[in-house]
1. Scan the stretch B:11-58 for residues that are of a type in the set (Asp, Glu) and more than 14 Å from chain A (Cβ to nearest Cβ) and jot them down.
2. Starting from residues that are more than 9 Å from chain B (Cβ to nearest Cβ) and within 12 Å of A:Thr12 (Cβ to Cβ), keep the ones in the stretch A:42-61 and report whichever is farthest from the chain's Cα centre (by Cα).
3. Sort out which residues of the stretch A:12-41 are more than 14 Å from chain B (Cβ to nearest Cβ) and among the acidic types (Asp, Glu), and write them in order of number.
4. Select from the stretch B:63-72 the residues that are within 12 Å of chain A (Cβ to nearest Cβ) and surrounded by fewer than 16 Cβ atoms within 10 Å (Cβ to Cβ) and write down the one among them that is nearest to A:Ser25 (Cα to Cα).
5. If you take just the helices (runs of 4 or more DSSP H) that sit entirely in the stretch B:104-221, which of them hold at least 1 residues that are modelled with pLDDT under 80, exposed (fewer than 14 other Cβ atoms within 10 Å of the Cβ) and among the β-branched types (Val, Ile, Thr)?
6. Do we have any residue at all in the stretch A:73-83 that's closer than 19 Å to A:Asn31 by Cβ, in contact with a Gly (Cβ under 7 Å, 6 or more places away or on another chain), more than 14 Å from chain B (Cβ to nearest Cβ) and in contact (Cβ under 8 Å) with a residue 12 or more places away in the chain?
7. Of the conditions (1) more than 11 Å from chain A (Cβ to nearest Cβ); (2) in contact (Cβ under 8 Å) with a residue 40 or more places away in the chain; (3) surrounded by 19 or more Cβ atoms within 10 Å (Cβ to Cβ); (4) touching a helix residue (DSSP H, G or I) at 6+ places or on another chain (Cβ under 6 Å), B:Leu95 clears all except one; give me its number.
Amino acid sequence: MSITSDILRGHTETIILKQLLISDSYGYQINKYIQEKTDNQFELKEATLYSAFRRLETAGYIVSYWGDETTGARRRYYSITTTGKKYYEDSKKEWEEAKGLLDSLI
Amino acid sequence: MVAKIRNYIQRAFDDVPKTKKAMELQEELIANCLEKFNDQLRIGKSEEEAYTAVISGIGDLSELTEGLKERHSLSVETPEQRKKSAVLVATAVMLYILSPMMVVFFSEVVNQSVIGVLMMFTFVAIATGLLVYNAMTKSRYRREEDTLVEEFKEWKSAKAKDRAIFETVSSAYWLIVVGIYLFISFTTLAWHYTWIIFIIAAAIGNIVKAILLWRQSDETK
């Protein structure tokens, strides 16, 4: 499992971008989605998740805005930018290549 | 339990400068963790279990907070920003220098001295606007990373001596300018032009100040 989570961690940013491609979202929702998709086998640490948000934001791949929740605490939503979409496509292509290579090697 | 989670996150931010960025990140983290906590309760976990799940899910926050501390050293001006700022200052200086010429040109060549004066003030206004814009975009850039208190402390200790020198030199400068103005006015008797000396003097004064400040910020880097 540790190899798996290492590989997954290496693709945190692409995983986040993929979620934002579907719709704008916030930290916990993204993490919840990752958990559901992986059948509760994998969950990002908050620290990892928010570090990735900061990196993506600095790079201009995502932008954030505060939601206007009427009840409870306000949430910070993230939205993917055009350059972010391009970056996602590139990362995905890279991953496909890596996957192909690994498949032929292992 | 809610307060405990809040405390846990706040403690991680203890030694991080209280910038807007840091406070917002803290708020975001707390909101998301509390939502997770409530979800855990909803699926039937006890408060204790839910708390453990939330805290263990947070992971090592220092990788986040370290980034906020490092920001300061990362926020050195990029070459593009430097270039943009240089263009702004250079344009402003050029406008200052050209502005009195408008008066001369319009009153001597076209014989429309009013337009000349208006043109001069427009030039001065644009130039000042450029300088203000340049200064504001820069200072906001820095202040975002630093706490105001630290900045003030630094400024107070380092600048007290510099300010005293600056003020003395500045007052001497303006006395000399008044002297030059009176001298030229009395010798040429062209009073309707000589007041331009004050504007030129102000421009030169600001340019010198800008150069000094620029050097100073280079040294502190």
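The values are calculated or read from the model by the stated rules, or taken from the named source; none is laboratory data. Being a predicted model, the structure only gives us computed values, none of them experimental. Glycine also receives a Cβ, built like all others from the backbone with ideal geometry; neighbour counts cover every protein chain displayed. Note: accessible area is taken over every heavy atom of the protein model, side chains too, but ligands, DNA and RNA are not part of it. Shrake-Rupley method; radii C 1.70, N 1.55, O 1.52, S 1.80 Å.
1. B:Asp14, B:Asp15, B:Glu47, B:Glu48, B:Glu49
2. Only one residue tops the list, namely A:Phe42.
3. Those that are more than 14 Å from chain B (Cβ to nearest Cβ) and among the acidic types (Asp, Glu): A:Glu13, A:Asp24, A:Asp39.
4. Filtering the stretch B:63-72 for residues that are within 12 Å of chain A (Cβ to nearest Cβ) and surrounded by fewer than 16 Cβ atoms within 10 Å (Cβ to Cβ), the one nearest to A:Ser25 (Cα to Cα) comes out as B:Glu63.
5. The qualifying helices (runs of 4 or more DSSP H) are B:113-143, B:148-188, B:196-220.
6. Taking the stretch A:73-83 as the starting set, the residues that turn out to be closer than 19 Å to A:Asn31 by Cβ are A:73-80.
Checking the rest, the ones that are also in contact with a Gly (Cβ under 7 Å, 6 or more places away or on another chain) come to A:74-75, A:77.
Adding the requirement that they be more than 14 Å from chain B (Cβ to nearest Cβ) leaves none.
No, every residue in the stretch A:73-83 fails to be closer than 19 Å to A:Asn31 by Cβ, in contact with a Gly (Cβ under 7 Å, 6 or more places away or on another chain), more than 14 Å from chain B (Cβ to nearest Cβ) and in contact (Cβ under 8 Å) with a residue 12 or more places away in the chain.
7. (2)
Per-residue answers, yes or no, for (1) within 14 Å of B:Asn206 (Cβ to Cβ); (2) among the polar types (S, T, N, Q):
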site	(1), (2)
B:Lys83	no, no
B:Val89	yes, no
B:Val93	yes, no
B:Asn111	no, yes
B:Gly116	no, no
B:Leu131	yes, no
